[in-house]
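The values are calculated or read from the model by the stated rules, or taken from the named source; none is laboratory data. What you see is a predicted model; the values in this text were computed from it and never measured. We place every Cβ from the backbone using ideal geometry, glycine too, and count neighbours over all the protein chains shown. Accessible surface areas use protein heavy atoms only, side chains included; no ligands, DNA or RNA. Shrake-Rupley method; radii C 1.70, N 1.55, O 1.52, S 1.80 Å.
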Amino acid sequence: MAEAREEGYRVKGTIKAVKGTCSAGHKAGDVIDLSGRNTGGMCGYLYHSIFPYLIMLQFGGGFPVEWGDPDVVELDCIDKMNAVTIELRRIAEKK
């Protein structure tokens, strides 16, 4: 399989909290490099939840200033009994 060239901005995910027990083993404090082509070993459920926001950050979109920092968002996975909270942060340099 050919290696795909990454484009856009770097995005880091930081696990902020885990309610219950994450079946994928994510723990508060974990930092993951992410992109549209790189799940960083992340659980599929969490990756599915964050994907649209990840792509927006990777390719230059941002969040409303009223939300706080346009380069940062905090999201939860879809497993509400064992919810993982992750912060996505765009890194200023491009790939």
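Would you check if there is a residue in region 18-32 being closer than 18 Å to residue 93 by Cα and either modelled with pLDDT under 90 or open to solvent by 70 Å² or more (accessible area, probe 1.4 Å) (or both)?
Looking for residues that are closer than 18 Å to residue 93 by Cα and either modelled with pLDDT under 90 or open to solvent by 70 Å² or more (accessible area, probe 1.4 Å) (or both), one finds at least one in region 18-32, hence yes.
Would you please list the contacts, defined by Cβ atoms under 8 Å and residues six or more apart or on different chains, that run from a residue in region 27-46 that is on the phi > 0 side of the Ramachandran plot and free of Cβ contacts under 8 Å to residues at least 40 places away in the same chain to a residue that is in a strand (DSSP E or B) and open to solvent by 60 Å² or more (accessible area, probe 1.4 Å)?
These pairs meet every condition: 40/33.
I'm trying to understand the selection: among the residues of region 47-70, which are of a type in the set (D, E, K, R) and under 19 Å from residue 91 (Cβ atoms)?
69, the sole residue that qualifies.
Which condition breaks for residue 73 when tested against (1) touching a helix residue (DSSP H, G or I) at 6+ places or on another chain (Cβ under 8 Å); (2) in contact (Cβ under 8 Å) with a residue 24 or more places away in the chain?
The one condition residue 73 does not meet is (2).
Exactly one of these conditions fails for residue 66: (1) open to solvent by 80 Å² or more (accessible area, probe 1.4 Å); (2) in contact (Cβ under 8 Å) with a residue 12 or more places away in the chain; (3) outside any loop (DSSP other than H, G, I, E, B). Give me its number.
Unmet condition: (2).
Of all the residues that make up region 39-65, how many are within 14 Å of residue 11 (Cβ to Cβ) and out of contact with any His (no Cβ under 8 Å at 6 or more places or on another chain)?
Residues that pass the stated criteria total 17.
Any idea which residue in region 70-95 is farthest from the chain's Cα centre (by Cα), counting only those that are under 16 Å from residue 51 (Cβ atoms), aliphatic (A, V, I, L, M) and open to solvent by less than 20 Å² (accessible area, probe 1.4 Å)?
Filtering region 70-95 for residues that are under 16 Å from residue 51 (Cβ atoms), aliphatic (A, V, I, L, M) and open to solvent by less than 20 Å² (accessible area, probe 1.4 Å), the one farthest from the chain's Cα centre (by Cα) comes out as 84.
In region 37-60, which residue that is farther than 13 Å from residue 87 by Cα, in contact with a Gly (Cβ under 8 Å, 6 or more places away or on another chain) and of a type outside the set (A, V, I, L, M) is surrounded by the most Cβ atoms within 10 Å (Cβ to Cβ)?
58
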